[in-house]
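In what follows, a single structure is set out as structure tokens and then discussed.
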Amino acid sequence: MNLQGLDREDLERRLREAFGGEPGERRAVARAAADLADSERYLADAGIEITPEFVVAELGDAPWGTPSDRWNWWMNALQVAYGGYEAFTVRQWETVEE
């Protein structure tokens, strides 16, 4: 298991700067990314550790959208490539004030 863990606050900040979106949406994406990092599934499949920088770079490849749109686009691509990524999609989030 990843003992360092993903820095969710750093990822939330980077998501805001790169893609905007609602605070609760960014928090949900950061939580899903942390869950993915903790699972080490992507590390096993692709040999790459999940970091805030890496997530933002991958989401930048999505053709459009908010952080959750982009995250789900990436998870769908991973689902097609490897299978087993549907559990990491973001379906809803709590409305949070900044």
request  = Could you give me the residue pairs with C-beta distances under 7 Å whose first residue belongs to the range 59-85 and is under 15 Å from residue 15 (Cα atoms), whose second residue is basic (Lys, Arg) and surrounded by 11 or more Cβ atoms within 10 Å (Cβ to Cβ) wherever it lies, and which are 6+ apart or on separate chains?
outcome  = 59/70; 62/70; 67/26
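Are any of the residues in the range 82-93 small (Gly, Ala, Ser) and loosely packed, with under 11 Cβ neighbours inside 10 Å?
Just the residues of the range 82-93 that are small (Gly, Ala, Ser), to begin with: 83-84, 87.
From what's left, loosely packed, with under 11 Cβ neighbours inside 10 Å: 83.
Among the residues of the range 82-93, at least one is small (Gly, Ala, Ser) and loosely packed, with under 11 Cβ neighbours inside 10 Å, which makes the answer yes.
Each reported figure results from applying straightforward, stated rules to the coordinates on display, with no laboratory input. Because the structure is predicted, anything quoted here is derived from the model rather than measured. Don't worry about glycine lacking a Cβ; one is built from the backbone with ideal geometry, like all the others, and counts go over all protein chains shown.
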